[in-house]
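Inspection log for the structure reproduced underneath, given as structure tokens.
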Amino acid sequence: AINPNHPLAQMPLPPSMKNCIQLAACEANELLPMIPDLPADLFTSCLTTPIKIALRWFCMQKSVRLVPGVTLDLVEKIPGRLNDRRTPLGELNWIFTAITDTIAWNVLPRDLFQKLFRQDLLVASLFRNFLLAERIMRSYNCTPVSSPRLPLTYMHAMWQAWDLAVDICLSQLPTIIEEGTAFRHSPFFAEQLTAFQVWLTMGVENRNPPEQLPIVLQVLLSQVHRLRALDLLGRFLDLGPWAVSLALS
């Protein structure tokens with residue numbers, strides 16, 4: 001046994017890393033991207049201004065050439081406020097939150113999801129934005145890393161729904177800004193409720209949980225879709241205690 005008076009015995013224990021959170025832009029052997037039309041610190045920009053970076057990155061993809069008249073300068077003029085869901089910018093922010101939350105809920109272990117996405121609003125926001133950073137940085141041959149380590153999410157099918165929502169919004173920008181036409185809201189939430197409804201009608205035995213469940217809970221905040229969402233959620237909860245447990249998670 002070590003003498004309690006020995007200097008080694010009196011040294012403080014090293015701090016526990018159990019609750020330490022770390023986010024990094026790339027692995028040790030990788031080079032950070034240098035893209036003229038994107039911020040120099042692309043990773044931090046993904047974490048702090050995700051919608052702005054997501055739109056700029058989307059406009060730089062080859063697929064956007066199918067949408068005439070949309071430029072990087074035009075994207076900077078997208079109207080609205082992030083906290084106003086009735087505006088183009090606010091609606092995109094709401095959709096982004098719902099999609100990244102859904103990806104995390106479907107991919108992460110339940111205990112890790114609760115820790116990172118449900119216990120602290122700032123931590124949840126950072127990790128939602130980290131999912132975007134993983135998608136964007138990987139397109140430039142960088143692999144963002146985190147502690148706790150997350151499963152891969154950059155190829156999740158819900159990103160296609162995000163791309164469609166962005167495409168629908170950006171395709172309206174030229175006429176909204178130049179001609180003052182009214183903004184047409186995205187069908188994203190209505191389509192996700194329909195997908196959830198289809199899941200309910202197909203039977204639930206030996207099937208995975210519906211991936212749209214977090215979106216249904218988000219839609220409860222919307223006056224437009226609230227009644228339909230409540231009806232579908234009630235039908236889901238009637239399936240049994242396991243459904244109630246999933247909704248609470």
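Computed from the coordinates by the stated procedures, all read-outs in this text should not be read as laboratory data. Everything numeric in this text was worked out from a predicted model, so none of it was measured. Please note: Cβ atoms are built from the backbone with ideal geometry, for glycine as well, and neighbour counts cover all protein chains shown.
What longest range of the chain stays clear of loop-exposed trypsin sites (Lys or Arg not before Pro) (DSSP non-H/G/I/E/B, at most 15 other C-beta within 10 angstrom)?
On the way: sites that count: LYS18, LYS77, ARG81, ARG86, ARG118, ARG149, ARG184, ARG207.
Answer from the scan: 19-76.
Axis angle, to the nearest 10 degrees, between helix 50-59 and the longest C-alpha principal axis of the chain: 60 degrees.
Once the piece of chain linking ASP231 and THR143 is laid out straight, how much longer is it, given 0.36 nm per residue of separation minus the C-alpha distance between them?
Working: separation 88, 0.36 × 88 = 31.68 nm, distance 4.16 nm.
Difference between extended and current length: 27.5 nm.
Among the GluC sites (Glu not before Pro) in the stretch 72-152, those located in a DSSP loop and surrounded by at most 15 other Cβ atoms within 10 Å of their own Cβ are GLU76. If I take all pairs of Cα atoms in the chain, what percentage of them are more than 23 Å from each other? It works out to 58 percent of all Cα pairs.
Using DSSP to define loop residues, name the GluC sites (Glu not before Pro) in the stretch 160-249 whose beta-carbon has at most 12 other beta-carbon atoms within 10 Å.
Within the stretch 160-249, the qualifying GluC sites (Glu not before Pro) (loop, at most 12 other Cβ atoms within 10 Å) are GLU205.
If R0 equals 30 Å, the separation of the Cβ atoms of HIS185 and GLU76 corresponds to a calculated FRET efficiency of about 0.85.
Computed over neighbours whose Cβ is under 12 Å from that of ALA104, the net charge equals +1, Lys and Arg +1, Asp and Glu -1. For PRO88, neighbours were defined as the other residues whose beta-carbon sits under 11 Å from its Cβ, and their charges (Lys and Arg +1, Asp and Glu -1) total +3.
Within the straight-line cut-off of under 23 Å between alpha carbons, the lysines reachable from LYS62 are LYS52, LYS77, sequence neighbours fewer than 8 places apart in one chain being disregarded. Relative to the longest principal axis of the Cα atoms of the chain, the long axis of helix 158-179 lies at roughly 50 degrees. For the pair ASP167 and SER249 in one chain, pulling the backbone fully straight at 0.36 nm per residue adds 26.4 nm over the alpha carbon distance. The distance between label points at ALA157 and LYS62 comes to 2.5 nm (points 7 Å beyond Cα on the Cα→Cβ vector). Using the beta-carbon distance between VAL198 and GLN119 and R0 = 30 Å, what value does 1/(1 + (r/R0)^6) give for FRET efficiency, to the nearest 0.05? According to the calculation, E is roughly 0.40. The alpha carbons of the stretch 187-249 give a radius of gyration and a Dmax of 11.0, 34 Å, in that order.
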